[in-house]
Amino acid sequence: MHKARIGRWRTAKPGRPKKRESSWDYFLRVYGSITWIVGSGADQDLPMFLCGNVTGGGWSCLEIADDLYAMDDLVEATGNTDLEDLLVFHGGWHTSRSFAFDSRVVSAAGELSIIPFDEGMEKLPRPMKRERVQPFGLWLHKRVTQFVRTAEGNLREAL
């Protein structure tokens, strides 16, 4: 199911971002996606969900890509045009464990605001102040660091 995504990091050639390239655009250009599949035993206290939000895709705490959710279909089904401002980039949308970029707020560096996302949300949160928008790369680093710490602790306990 995830064959096209798995292992792309092995051939990635990290370098400097291009001029005016956001950390999200850099991530997509260099890595494309992340799907972190975690087995039972290491997953305790991690925000787990099914990859691709379907059975059989794997049990994951981190699934990031630009093609995870058909927002146009949700807007059409609900009639909620406010949702058009969102780009879901993190899986788990039916378990309230997903995140989206909110295009209503863009930092001076071109970074989009990040908000929690769920299919059932009826209205968007109040837009954050432009100067409070953090880069996607920083958001991802904090999240991965926290998850690694938790998974390593779980694995130590299992030994």
- request: Tell me what the chain gives for mean residue ellipticity at 222 nm when only DSSP H runs of n ≥ 4 count, each as -39,500 (n - 2.57), the sum divided by the residue total, rounded to 500 deg cm²/dmol.
  value: -8000 deg cm²/dmol
message: Is there a quick way to get the dipole size of the chain? I mean about its Cα centre, with the Cβ of Lys and Arg at +1 and of Asp and Glu at -1; what is the value in debye to the nearest 20?
response: 1040
- request: Would you please classify the overall shape of segment 62-158 from the alpha carbon gyration tensor, given that a ≥ b ≥ c denote the square roots of the eigenvalues, rounded means a/c under 1.5, and beyond that prolate means a/b larger than b/c while oblate covers the rest?
  value: oblate
task: For segment 100-113, take each phi angle, set θ = phi - 60°, evaluate the Karplus expression 6.51 cos²θ - 1.76 cosθ + 1.60, and give the result in whole Hz per residue in order, putting x for glycine and proline.
output: 9, 7, 9, 6, 6, 10, 10, 6, 4, 8, x, 7, 8, 5
- prompt: LEU87 to VAL144: extension gain in nm, 0.36 nm per residue of separation minus the Cα-Cα distance?
  reply: 18.5 nm
- request: Taking amide H positions as placed in the peptide plane 1.01 Å from N, state which residues far from ALA100 in sequence (5 or more) or on other chains have amide H under 5 Å from it.
  value: PHE89, ILE115, PHE117
task: Please give the peptides 99-106, 34-41 ranked by average Cβ packing (other Cβ atoms within 10 Å per residue), highest first, as a rough proxy for protection.
output: 99-106, 34-41
message: Between segment 63-86 and segment 106-148, how far is it from one alpha carbon centroid to the other, in angstrom?
response: 16
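Since every read-out is calculated from the coordinates, none of them should be taken as a lab result. Please read these numbers as outputs of a predicted model, since none were measured by experiment. Counting neighbours? That spans all protein chains shown, and the Cβs are built from the backbone with ideal geometry, glycine included.
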